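See below for the structure under consideration.
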Amino acid sequence: MINVIQKFINKVLKDLFKKKKHLKLGLYGPPNGGKTTLANRICQDWLGEEMGIVSSIPHETREVRIKEQITVKSGKKELSFNLVDTPGIATKIDYEDFVKHGLSVKKAKERAKEATKGVIDAIKWLDDMDSVIVVLDSTYDPYSQVNITIIGNLQARNIPVLIVANKVDLKKSDIKKIEAAFPQYPVVGISAKYGKHMEDFYKALFEIV
């Protein structure tokens with residue numbers, strides 16, 4: 001009888017700690033899709049602070065960054081998680097691309113090396129993710145090798161996914177193209193830069209987590 005009670009207590013405690021565990025929510029996508037801009041928007045909305053630096057130069061984020069214990073509310077619902085902002089995934093990183101953005105050859109080569117390591121780290125981190133937000137620039141063609149690689153990795157791991165069609169404030173934005181490309185996942189259109197449709201984003205977040 002004592003063993004039965006002990007097992008029951010252990011189960012209750014285990015379940016309790018499971019519920020209190022903060023989920024890991026990862027931001028993934030190609031470079032310059034707006035991952036860090038979205039991370040900053042989420043942190044501003046719920047913590048009153050930013051998470052990282054944003055730049056027009058690709059691969060500004062070259063290391064995995066974590067913001068812990070963010071609690072999002074939507075209606076009567078609450079969701080707590082650790083937000084993981086990852087470097088942009090790329091199938092090819094050439095230092096000459098950075099030179100074209102005005103960096104010296106030395107700095108461009110350093111950035112390319114750091115960016116390559118960042119991509120490897122981001123893919124490794126996938127195994128730790130509870131859910132993933134894939135951030136895509138909705139003005140670009142979604143049928144790219146990078147996007148298909150990212151989605152393929154997520155499907156293989158059976159990780160819940162929400163696709164964010166970012167930059168809907170731009171004229172070339174085409175959410176329907178992204179929906180057609182990845183019909184297996186929910187898609188929500190936002191402008192992380194201007195905070196447009198963020199309430200829709202938070203509602204969609206509750207559906208996948």
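The values are calculated or read from the model by the stated rules, or taken from the named source; none is laboratory data. Nothing here was measured: the structure is a model prediction, and the numbers come from that model. Please note: Cβ atoms are built from the backbone with ideal geometry, for glycine as well, and neighbour counts cover all protein chains shown.
Comparison of G118, G195 shows that the only residue that is loosely packed, with under 15 Cβ neighbours inside 10 Å and within 28 Å of Q44 (Cβ to Cβ) is G195. Scanning segment 63-115 for residues that are of a type in the set (K, R), surrounded by fewer than 19 Cβ atoms within 10 Å (Cβ to Cβ) and at pLDDT below 80 yields a total of 2.
How many residues are more than 21 Å from the chain's Cα centre (by Cα) and within 30 Å of I133 (Cβ to Cβ) if we restrict to segment 88-110? I'd like the intermediate steps shown before the answer.
Restricting attention to segment 88-110, the residues satisfying the condition of being more than 21 Å from the chain's Cα centre (by Cα) are 94-110.
Retained after the next criterion (residues that are within 30 Å of I133 (Cβ to Cβ)): 94-95, 97-98, 100-101, 103, 108, 110.
Total satisfying the criteria: 9.
The set of residues in segment 149-170 being at pLDDT 95 or above and more than 14 Å from the chain's Cα centre (by Cα) consists of K167, V168, D169, L170. Scanning segment 180-190 for residues that are buried (at least 17 other Cβ atoms within 10 Å of the Cβ) and touching a strand residue (DSSP E or B) at 6+ places or on another chain (Cβ under 7 Å) turns up F182, Y185, V187, V188, G189, I190.
From the set of residues in segment 188-209 that are of a type outside the set (V, I, T) and assigned to a strand (DSSP E or B), which is nearest to S144 (Cα to Cα)? It would help to see each step written out before you state the result.
Pass one, segment 188-209, residues of a type outside the set (V, I, T): 189, 191-207.
Keeping just the survivors that are assigned to a strand (DSSP E or B) gives 189, 191, 196.
On the way: G189: 19, S191: 21, K196: 26 Å.
So, considering only residues that are of a type outside the set (V, I, T) and assigned to a strand (DSSP E or B), the one nearest to S144 (Cα to Cα) is G189.
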